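S.K.: Following this message is one structure expressed as structure tokens.
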Amino acid sequence: MVMKTYGERIDNKYQIINSFPFVIGVLYYTEVQQKEKERQTYFIHGLDLQRFEPRSEQKDWIEKLYHRNEAIFFPLERVFIEDGVLYQVYKRLEGNLLVHYIKKYFPLDLPRVLRMIQQVVDNLLHLYEENQFAIVHPQNIIVSREEKLRFLYGGPTSYLPKGMVFTQPSKEVDQLYDSYGLGALLYQMLTGKSPMSNGLKIPPLHQFMSNCPPKLDNLVMRSLSFDAEKRPTIKEIDKTIKQLVSSA
């Protein structure tokens, strides 16, 4: 999709202030003139529908997005399609994208990181039970002032793409993708760097953290394995993180 730029409008209502390439699609920061001299700002996610074909009637899967679990996903105010692009208008965002949070507060202490990752893991396990998905990426997670974490993009499985193409892997394979996402997120939160910032050879955590628990180092490096079958399951990650939280 062609990313809209400053001054353009979405639905002839939302005027774009800024545009950001997102983990999938585009995230727009917009404003709406409510009354004379009064403006309301909104974040809007745009996704090119030409990249995939939803597996049910349009009104059905759009309606399902309104009923996402708001304890796990940030709530939506509107969902609509314009010129082949799906737009999801979020209610007023309160908090920071995790990618900005990491930059602002780095270095993060280990107990805080473990508590936050535990929330992400808990959310994923709930989504699996509800046959829903989210993308584990610091761009796709909002951190509230109380350090409550929620996803932006995601929803019912089989209605929206999780990657650049719309293919639905088995649940087991899909969860191993999430294992990598969790490993990459942990690595970035603890080191301030992407695991791929030094190329394909990823330095272990203990090179950056002298107090890194060996169990955590092993978990993260296994999660980042290019061989998906060597990655830990989400339940194994959950068990290990809980052990680390209790001993932190």
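The values are calculated or read from the model by the stated rules, or taken from the named source; none is laboratory data. Since the model is a prediction, treat every value here as computed from it, not as a measurement. Counting neighbours? That spans all protein chains shown, and the Cβs are built from the backbone with ideal geometry, glycine included.
S.K.: Would you be able to say whether some residue in the stretch 89-112 is outside any helix (DSSP H, G or I) and among the polar types (S, T, N, Q)?
M.R.: Looking through the stretch 89-112, at least one residue is outside any helix (DSSP H, G or I) and among the polar types (S, T, N, Q).
S.K.: Is the stretch 202-211 home to any residue that is among the aromatic types (Phe, Trp, Tyr) and farther than 26 Å from PHE74 by Cβ?
M.R.: Yes, because at least one residue in the stretch 202-211 is among the aromatic types (Phe, Trp, Tyr) and farther than 26 Å from PHE74 by Cβ.
S.K.: Report whether or not PRO156 is assigned by TED's automatic domain parsing to the domain that holds ASN211 and modelled with pLDDT under 95.
M.R.: Working: assigned by TED's automatic domain parsing to the domain that holds ASN211: yes; modelled with pLDDT under 95: yes.
When the stated conditions are applied, PRO156 passes them.
S.K.: Further, regarding this structure: Does GLY163 satisfy the criteria of being within 20 Å of the chain's Cα centre (by Cα) and either crowded, with 16+ Cβ neighbours inside 10 Å or at pLDDT below 95 (or both)?
M.R.: yes
S.K.: Does the stretch 192-203 contain any residue that is under 18 Å from the mean Cα position of the chain (by Cα) and among the hydrophobic types (A, V, I, L, M, F, W, C)?
M.R.: no
S.K.: Moving on. Of everything in the stretch 11-31 that's among the aliphatic types (A, V, I, L, M) and farther than 19 Å from GLY163 by Cα, which residue is surrounded by the fewest Cβ atoms within 10 Å (Cβ to Cβ)?
M.R.: In this case the residue turns out to be ILE17.
S.K.: Which residue is nearest to PHE22 (Cα to Cα), if the candidates are limited to the stretch 126-159 and must be out of contact with any Lys or Arg (no Cβ under 8 Å at 6 or more places or on another chain) and aliphatic (A, V, I, L, M)?
M.R.: If we take residues in the stretch 126-159 being out of contact with any Lys or Arg (no Cβ under 8 Å at 6 or more places or on another chain) and aliphatic (A, V, I, L, M), then LEU152 is nearest to PHE22 (Cα to Cα).
S.K.: Is it fair to say LEU86 is outside any loop (DSSP other than H, G, I, E, B) and among the hydrophobic types (A, V, I, L, M, F, W, C)?
M.R.: Spelling it out, LEU86 is indeed outside any loop (DSSP other than H, G, I, E, B) and among the hydrophobic types (A, V, I, L, M, F, W, C).
S.K.: Inside the stretch 11-25, can you point out the residues that are under 23 Å from the mean Cα position of the chain (by Cα) and assigned to a strand (DSSP E or B)?
M.R.: ILE16, ILE17, ASN18, SER19, PHE20, PRO21
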